[in-house]
Amino acid sequence: MKVRIKRIAGPSYGEPILPRHMTDLAAGMDVFAANKDPIALEPGERGLVPTGFAIELPDGFEAQVRPRSGLALKHGLALLNSPGTIDPDYRGEVKIVVANLGSEPFVISYGDRIAQMVISRFERVEWDEVSELSGTGRQSGGFGHTGTKKG
């Protein structure tokens, strides 16, 4: 599938690096920071990282922006609205909402791989309002309902 993508230039941007799969079997494409000047995040601080690109997804597809596991584990860098959804009718720049949940300052520089993006098909639904739902073995059991014991 081909998806249209546009580089966005600006005085505070370096040359945008387009998202790309880093291995042959990777589901997600790495997304790179386009900011020319470093973005420093103190512990607990949030920021918005420019990527320097916009996309045109076909109807029925979304782009999901997700955290990179290495940045989350090593530095506590999180994406607050994860996964972030880019709808097929959005044409603006893709920007990444990050939070430093770590204990040390974290600096995002031009070209850093800051997120991953997965293109996924979705379905639109119509609600069929009923007075009762069909039964299951679980019923309304919620968080932790199935237990934590192994075996």
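The values are calculated or read from the model by the stated rules, or taken from the named source; none is laboratory data. Fair warning: this is a prediction, and the values are worked out from it, not measured in the lab. Cβ placement follows ideal geometry from the backbone for every residue including glycine, while neighbour counts extend to all protein chains displayed.
Rundown of residues vs (1) within 22 Å of the chain's Cα centre (by Cα); (2) outside any strand (DSSP E or B); (3) at positive phi; (4) of a type in the set (D, E), yes/no style:
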{"position": "K74", "(1), (2), (3), (4)": "yes, yes, no, no"}
{"position": "T85", "(1), (2), (3), (4)": "yes, no, no, no"}
{"position": "E93", "(1), (2), (3), (4)": "yes, yes, no, yes"}
{"position": "A99", "(1), (2), (3), (4)": "yes, no, no, no"}
{"position": "E104", "(1), (2), (3), (4)": "no, yes, no, yes"}
{"position": "I119", "(1), (2), (3), (4)": "yes, no, no, no"}
{"position": "G137", "(1), (2), (3), (4)": "no, yes, no, no"}
{"position": "S140", "(1), (2), (3), (4)": "no, yes, no, no"}
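Would it be correct to say that I55 is buried (at least 17 other Cβ atoms within 10 Å of the Cβ), of a type in the set (A, V, I, L, M), in contact (Cβ under 8 Å) with a residue 60 or more places away in the chain and not in a loop (DSSP other than H, G, I, E, B)?
On the way: buried (at least 17 other Cβ atoms within 10 Å of the Cβ): yes; of a type in the set (A, V, I, L, M): yes; in contact (Cβ under 8 Å) with a residue 60 or more places away in the chain: no; not in a loop (DSSP other than H, G, I, E, B): yes.
Spelling it out, it is not the case that I55 is buried (at least 17 other Cβ atoms within 10 Å of the Cβ), of a type in the set (A, V, I, L, M), in contact (Cβ under 8 Å) with a residue 60 or more places away in the chain and not in a loop (DSSP other than H, G, I, E, B).
Out of the residues in region 107-117 that are within 20 Å of Y13 (Cβ to Cβ) and in a strand (DSSP E or B), which is farthest from the chain's Cα centre (by Cα)?
Out of the qualifying residues, it is V107.
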Item to check | F53, sole failed condition from (1) touching a Gly at 6+ places or on another chain (Cβ under 8 Å); (2) within 18 Å of R7 (Cα to Cα) | outcome: (1)
Item to check | Matching strands (runs of 3 or more DSSP E) fully within region 8-51 where at least 1 residues are exposed (fewer than 11 other Cβ atoms within 10 Å of the Cβ) | outcome: 46-50
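Can V65 be described as under 21 Å from S120 (Cβ atoms) and in contact with a Gly (Cβ under 6 Å, 6 or more places away or on another chain)? Steps first, please.
Details: under 21 Å from S120 (Cβ atoms): yes; in contact with a Gly (Cβ under 6 Å, 6 or more places away or on another chain): yes.
Against the criterion (under 21 Å from S120 (Cβ atoms) and in contact with a Gly (Cβ under 6 Å, 6 or more places away or on another chain)), V65 qualifies.
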Checklist entry - Inside region 3-55, can you point out the residues that are in contact with a strand residue (DSSP E or B) (Cβ under 7 Å, 6 or more places away or on another chain) and β-branched (V, I, T)? => result V3, I5, I8, I17, V31, I39, V49, T51, I55
Checklist entry - Does any residue in region 72-100 that is in contact (Cβ under 8 Å) with a residue 12 or more places away in the chain come within less than 7 Å, Cβ to Cβ, of a residue that is crowded, with 16+ Cβ neighbours inside 10 Å and basic (K, R) six or more places away or on a different chain, and which pairs are these? => result L79/R66; S82/R66; P83/R66
Next on the checklist: Residue pairs, Cβ under 6 Å, 6 or more apart or interchain, first in region 113-140 and within 29 Å of F61 (Cα to Cα) and surrounded by 10 or more Cβ atoms within 10 Å (Cβ to Cβ), second at pLDDT 95 or above and among the acidic types (D, E). List them.
Outcome noted: R113/D30; Q116/D30; S120/E62; F122/E62
Item to check | Complete set of residues in region 1-52 that are hydroxyl-bearing (S, T, Y) and without any contact (Cβ under 8 Å) to a residue 24 or more places away in the chain | outcome: T23
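In this structure, does I108 turn out to be under 17 Å from G28 (Cα atoms) and modelled with pLDDT of 95 or more? Lay out the reasoning, then the answer.
Values: under 17 Å from G28 (Cα atoms): no; modelled with pLDDT of 95 or more: yes.
No.
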